[in-house]
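Below is one structure; the comments refer to it alone.
The numbers here are math on the coordinates, done by the rules we state, and not lab data. Note that the structure is predicted; figures quoted are calculated from it, not measured. Here the Cβ positions follow ideal geometry from the backbone for every residue, glycine too, while neighbour counts run over all protein chains shown.
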Amino acid sequence: MSTRLELRGLHRLSYWGNLHRQPVQPKFNFAVHEYSKTSHFKMDPKIKRMIDLINSKKKPSHPWQPQERYDQSYYAFSPDKSSWEALSPSRSGSPPSLITKFSIMSWNIDFMLPFTDERMTAALKHLESHVDSNPHPTIVMLQEMLETDLALIQEQPWVRQKYSLTDINTKHWESGHYGTCTLIPKVLPVNAVFRVHYERTVMERDALFADLAFGNGRIIRICNSHLESLIANPPKRPHQLATAARFMHDPAVGGSVVGGDFNAIQDFDRTLHTDNGLQDAYLTLGGSEDSDDGYTWGQMAPTKQRNQFGCSRMDKLFFCGGLRCDKFERFGLGVKAEEQHVQDSLVKEEGMEEGWVTDHLGVKAEFSIPDVEKDAWKM
């Protein structure tokens, strides 16, 4: 592996700081704990404070078992009660949707940077612009959410009107501090929402699934996952994606998509999709590795980190089954917090070129269900 590739992805302040290519897998809850014991590693005070905060919120126990499906409720806003109400998915509930096309957007909003509310507010406005301009239902998958982010999501009028949420608090997260959340268009009936909490993780990662009903009883399974960061020995991302793929290939499912921040920084990351019988949306439509057209991290990273680690294709969408990927694009490039003092602080204190809302670009793809399209033509 080249030194440049080995460095990619050890880029962010999130948890780990700048670990300078250390390949040892720590046994402690968070990687920096072990690295900080080495004489050549000097922990950034900001990192230390964040680690202490995360550890202070660590849950003493969980009701689920690693590697096993754990079903959960989802939530819809009730105008009558002016609150978000828990709903239990039902396989025999709402009639299936005859919609034949849908889009998926995935975005990691850096939870380590300051001004979390201001950045998340700007990110949500950008997401809204995509949702409003898309003629097809758009599923939104978010990573590195804080509980304050969940609160902001719930306050958005467009979210209340158009979406159900998989999470409104930290109840189903492995971590007590951060996790994932998926926004599901209300026009798509929900048959199930569940998580599979990874066994091989020190960073409290999991796979968040939603089963959506389409025409003629077809179930499309959507998975939102934030794969393990950094270099581990043995690697953890292959086992994590294989776990997600096992549920994606369920014979009861007509097609499936997994997306998120995959932290793809090593050679084996390039074949994780083919290793698990999946297609890479970006590559399927003619994209190529090591291309400026595909990179999703680095463009908006702090200048020092970008100069040191370069750009990389961290964020991906994989799919399988009876789905066709029609379009793929990135989004979020250049989106900044609206407040000038926030922008100024991000530039001065965090080393960014501009006051961007996160260090990641998002990825977006449009999918069709050919069998449902055929049935629709027959009607």
Subject >> Inter-residue pairs, beta-carbon under 7 Å, first polar (S, T, N, Q) and in region 112-141, second in a loop (DSSP other than H, G, I, E, B), 6+ apart >> reply: THR116/LEU146
**OP:** Would you mind stating whether CYS325 is more than 26 Å from SER129 (Cβ to Cβ) and touching a helix residue (DSSP H, G or I) at 6+ places or on another chain (Cβ under 6 Å)?
**Re:** no
**OP:** Could you please find all residues in region 201-225 being of a type in the set (A, V, I, L, M, F, W, C), in contact with a helix residue (DSSP H, G or I) (Cβ under 6 Å, 6 or more places away or on another chain) and not in a strand (DSSP E or B)?
**Re:** PHE214
Original post:
Can you tell me which residues in region 74-118 are more than 19 Å from ASP149 (Cβ to Cβ) and polar (S, T, N, Q)?
Top reply: SER78, SER82, SER88, SER90, SER92, SER94, SER97, THR100, SER103
Original post:
For region 47-67, how many residues are among the hydroxyl-bearing types (Ser, Thr, Tyr) and assigned to a helix (DSSP H, G or I)?
Top reply: 1
Original post:
Which residues, counting only those in region 68-93, are of a type outside the set (D, E, K, R) and either exposed (fewer than 14 other Cβ atoms within 10 Å of the Cβ) or assigned to a helix (DSSP H, G or I) (or both)?
Top reply: SER78, PRO79, SER82, SER83, ALA86, SER88, SER90, SER92, GLY93
Original post:
Which of the residues that make up region 328-374 are basic (Lys, Arg) and either assigned to a loop (DSSP other than H, G, I, E, B) or over 23 Å from the mean Cα position of the chain (by Cα) (or both)?
Top reply: LYS348, LYS374
**OP:** Tell me which residues, restricted to region 123-158, are within 17 Å of SER103 (Cα to Cα), in contact with a Phe, Trp or Tyr (Cβ under 8 Å, 6 or more places away or on another chain) and outside any loop (DSSP other than H, G, I, E, B).
**Re:** HIS126, LEU127, GLU128, HIS130, VAL131, ASP132, THR138, ILE139, VAL140, MET141, LEU142
Subject >> Residues within region 141-179 that are surrounded by fewer than 18 Cβ atoms within 10 Å (Cβ to Cβ) and within 21 Å of ALA192 (Cβ to Cβ), tallied >> reply: 2
